[in-house]
Amino acid sequence: MANPSLLILAGDGIGPEVMDEVKRIIGWFGDKRDLTFDVSEDLVGGAAYDAHGVPLHDDTMAKAQDVDAVLLGAVGGPKYDDLDFSVKPERGLLRLRKEMDLFANLRPAQCFDALADFSSLKKELIAGLDIMIVRELTSGVYFGEPRGIHIENNMRVGINTQRYTEAEIERAARAAFELAKKRGNKVCSMEKANVMESGILWRDVVNEVHQADYADVELSHMYADNGAMQLVRAPKQFDVILTDNLFGDILSDCAAMLTGSLGMLPSASLGLPMANGRPKAMYEPVHGSAPDITGQAKANPIACILSFAMALRYSFDQGAEADRLEAAIEKVLADGARTADLMGPEGGTPLSTSEMGDVILAALDASL
Ligand code: IPM
Ligand code: MG
């Protein structure tokens with residue numbers, strides 16, 4: 001059988017820096033675990049704009065549709081702030097999500113024991129935390145029409161539309177229930193059914209899917225504002241959180257920070273099964289391009305490496321190898337390995353991006 005294929009789109013800012021470490025990890029699995037990937041690379045975001053005048057070239061889009069999984073670094077940066085909206089780096093990312101139809105965005109927020117002191121919350125609130133946010137990723141206000149800035153009565157009016165079909169809600173809900181069955185068997189769905197019709201429909205459809213096929217999963221509903229509050233009050237009450245595109249964007253940053261650093265959080269964006277049975281998939285860290293630390297070898301590569309672990313698990317059916325990689329990361333953190341974002345008030349010398357890669361590779365070797 002042919003090797004599984006990966007398209008790496010490292011993007012902007014620290015994207016290429018953290019992706020360099022992922023490439024070494026991918027190489028390790030080829031050398032040591034006989035798990036060889038055919039890796040190709042291309043441009044996205046500002047890097048693509050600089051080369052082609054668009055944040056995602058059509059050829060790159062076609063390649064993304066063709067591979068088994070896409071690994072993305074990060075997009076954006078101050079250099080591109082004044083670009084026209086239609087060619088902003090983020091549009092490249094949104095095009096990938098939309099055209100690959102990656103409707104289920106999985107954002108796990110897990111607290112590593114060694115980092116429990118880094119959270120802005122009290123240690124006992126987050127020690128052992130293990131939440132999975134399932135964010136709908138291809139619809140809602142990110143893509144709804146009409147949209148734009150128009151002139152009405154000599155005044156500018158900004159318009160975006162929150163729009164969900166029941167089919168879109170249903171498939172996101174199914175993804176959440178399926179995941180819950182493999183975890184804590186609980187789903188909490190979040191919307192604003194108190195003020196939005198799309199929220200009323202969301203709640204109804206989630207209930208229908210639940211009653212029809214997942215009655216054995218514990219289901220609750222929360223208004224998204226209360227959900228944000230509960231996430232910082234008592235985050236361990238949650239197992240799987242199901243929510244829409246915009247609320248999911250906000251709630252996942254909030255959940256991520258519970259764990260101490262945005263530099264730790266991976267994500268998987270999954271779509272429908274392809275002809276080979278694998279889901280359409282893109283994996284990316286939750287953090288952004290971090291222009292403030294770009295080029296300083298300070299970035300934490302762990303979120304991006306954990307995103308590759310998610311690829312092993314969700315695209316390549318290599319759960320045991322994903323466990324191995326996650327355990328290696330847990331081990332180096334327990335041993336005190338820290339990049340700059342993970343330095344406590346006691347100080348010390350942080351590891352550089354590639355030094356963190358070195359210790360993770362050493363822990364992988366030790367796992368054999
Ligand atoms: C995310 C990011 C993106 C989003 C941006 C970069 C378009 O914040 O993945 O959470 O808003 O979805
Ligand atoms: Mg976001």
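Any read-out appearing in this document is the output of simple, stated calculations on the displayed coordinates, not a laboratory observation. Because the structure is a prediction, the values reported are computed rather than measured. Positions of Cβ are generated from backbone atoms using ideal geometry, with glycine treated the same way; all protein chains shown enter the neighbour counts.
How many angstrom separate the Cα center of region 253-274 from the Cα center of region 1-72?
Result: 18 Å between the Cα centres.
Count the lysine pairs in region 1-110 that are 8 or more places apart or on different chains: how many have C-alpha atoms under 18 angstrom apart? Walk me through the intermediate numbers first.
Values: LYS23/LYS32; LYS63/LYS98; LYS79/LYS88; LYS88/LYS98.
The number of close lysine pairs in region 1-110 is 4.
Compute the signed sum of charges (Lys and Arg +1, Asp and Glu -1) over the other residues within less than 13 Å, Cβ to Cβ, of ALA328. Each step should come with its number before you reach the end.
Values: positive: ARG24, LYS32, ARG33, ARG324, LYS331; negative: GLU21, GLU321, ASP323, GLU326, GLU330, ASP335, ASP358, ASP365.
Charge balance near ALA328 sits at -3.
So for the pair ASN207, ASP358, with labels modelled 7 Å out along Cα→Cβ, what separation do we get in nm?
In this crude spin-label approximation the distance works out to 5.9 nm.
Rank ASP50, ASP358, ASP113 by mean-square fluctuation in a GNM of the chain with C-alpha springs under 10 angstrom and give only the top-ranked residue.
Highest fluctuation of the listed residues: ASP50.
Return the distance in nm (one decimal) between the two label points of a simple spin-label model at THR165 and MET229, each offset 7 Å from Cα along Cα→Cβ.
Taking the simple label geometry, THR165 and MET229 are separated by 3.6 nm.
So what's the net charge close to LYS32: Lys and Arg +1, Asp and Glu -1, counting the other residues with Cβ under 11 Å from its Cβ? Intermediate results must be reported in sequence, preceding the final value.
On the way: positive: ARG33, ARG324; negative: ASP31, ASP34, GLU321, ASP365.
Counting the neighbours of LYS32, the net charge comes to -2.
Highest mean first, how do 81-91, 132-142, 313-323 rank when packing is the count of other Cβ atoms within 10 Å averaged over residues? Before the final figure, lay out the partial values.
Numbers: 81-91: 13.7, 132-142: 23.7, 313-323: 16.8.
My ranking of the peptides, most packed first, is 132-142, 313-323, 81-91.
Output the antiparallel fraction of DSSP beta bridges having both residues in the chain, as a percent to the nearest 5.
Working: 21 of 48 bridges.
Roughly 45 percent of the beta bridges in the chain run antiparallel, per DSSP.
Assuming 0.36 nm per residue, please report the length gained on full extension of the stretch LEU83 to ALA62 beyond their Cα-Cα distance. Provide the component values of the computation, followed by the final result.
Values: separation 21, 0.36 × 21 = 7.56 nm, distance 2.45 nm.
Stretched fully, the LEU83-ALA62 segment lengthens by 5.1 nm.
Would you tally the net charge around HIS52, using a Cβ to Cβ cut-off of less than 12 Å, leaving HIS52 out, and scoring K and R as +1, D and E as -1? Please list the in-between numbers first.
Working: positive: none; negative: ASP42, ASP50, ASP58, ASP59.
Charge balance near HIS52 sits at -4.
For the residue pair ASP101 and ASN154, what label-to-label distance in nm results when each label sits 7 Å from Cα along the Cα-to-beta-carbon direction?
Spacing of the two 7 Å Cα→Cβ label points: 4.9 nm.
Grab the beta carbon distance between ASP317 and MET196, set R0 = 35 Å, and tell me the FRET efficiency rounded to 0.05. Display every interim value, and only then the final one.
On the way: r = 39 Å, r/R0 = 1.10.
Between ASP317 and MET196 the formula returns 0.35.
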